[in-house]
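**Q** What follows is a single structure, and I will ask about it in a moment.
The values are calculated or read from the model by the stated rules, or taken from the named source; none is laboratory data. Being a predicted model, the structure only gives us computed values, none of them experimental. Virtual Cβ from ideal backbone geometry, glycine too; neighbours counted across all protein chains shown.
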Amino acid sequence: MSAGLLTSISLWLKSLVMKLFEYLDSLERGAKAKLAAQIGAHASDLSDWISGNRPVPVHRCASIEAATDGAVTRRDLRPDDWHLIWPELAAEMEAAPTRTEAQEAA
């Protein structure tokens with residue numbers, strides 16, 4: 001694989017977890033270690049996910065969503081395949097009124 005392609009993939013992965021980075025960056029020092037402990041991962045795992053070195057594993061996404069009280073969602077962490085992994089979320093999204101529909105109802 002070429003260096004340019006690897007850089008592109010790394011940047012793409014990093015953009016997928018930007019919300020996780022922003023969430024952790026908004027908290028006090030030690031937030032990464034605390035979140036890692038809450039979800040049963042290592043702080044180095046979070047570093048890898050945030051830097052784009054590795055994608056967030058599917059089995060960690062729901063626990064991240066719960067630990068962040070929904071500030072970082074499964075959809076944020078897996079924007080390309082969340083609807084395939086969690087079809088119940090896709091059904092909820094389809095059932096929810098659009099912003100325009102909600103504004104018209106108000």
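**Q** In the stretch 21-32, is there at least one residue being of a type in the set (Gly, Ala, Ser) and exposed (fewer than 12 other Cβ atoms within 10 Å of the Cβ)?
**A** Checked the stretch 21-32: at least one residue is of a type in the set (Gly, Ala, Ser) and exposed (fewer than 12 other Cβ atoms within 10 Å of the Cβ).
**Q** Here's something else I'd like to know. Taking the stretch 50-73, which residues are surrounded by 15 or more Cβ atoms within 10 Å (Cβ to Cβ) and modelled with pLDDT under 90?
**A** Within the stretch 50-73, ILE50, GLY52, PRO55 meet the criteria.
**Q** Collect the residues in the stretch 52-70 that are under 29 Å from MET93 (Cα atoms) and either touching a Ser or Thr at 6+ places or on another chain (Cβ under 9 Å) or among the aromatic types (Phe, Trp, Tyr) (or both), keeping them in residue-number order.
**A** Matches in the stretch 52-70: GLY52, CYS61, ILE64, GLU65.
**Q** Only one of these conditions is not met by GLY52: (1) free of Cβ contacts under 8 Å to residues at least 40 places away in the same chain; (2) on the phi > 0 side of the Ramachandran plot. Which number is it?
**A** (1)
**Q** Just checking, which of GLU65, GLU88 is charged (D, E, K, R), more than 15 Å from LYS32 (Cα to Cα), without any contact (Cβ under 8 Å) to a residue 40 or more places away in the chain and assigned to a helix (DSSP H, G or I)?
**A** Of GLU65, GLU88, the one residue that is charged (D, E, K, R), more than 15 Å from LYS32 (Cα to Cα), without any contact (Cβ under 8 Å) to a residue 40 or more places away in the chain and assigned to a helix (DSSP H, G or I) is GLU88.
**Q** Next question. Could you list all residues from the stretch 9-48 that are under 13 Å from GLU65 (Cα atoms), modelled with pLDDT of 85 or more and either outside any helix (DSSP H, G or I) or among the hydroxyl-bearing types (Ser, Thr, Tyr) (or both)?
**A** TYR23
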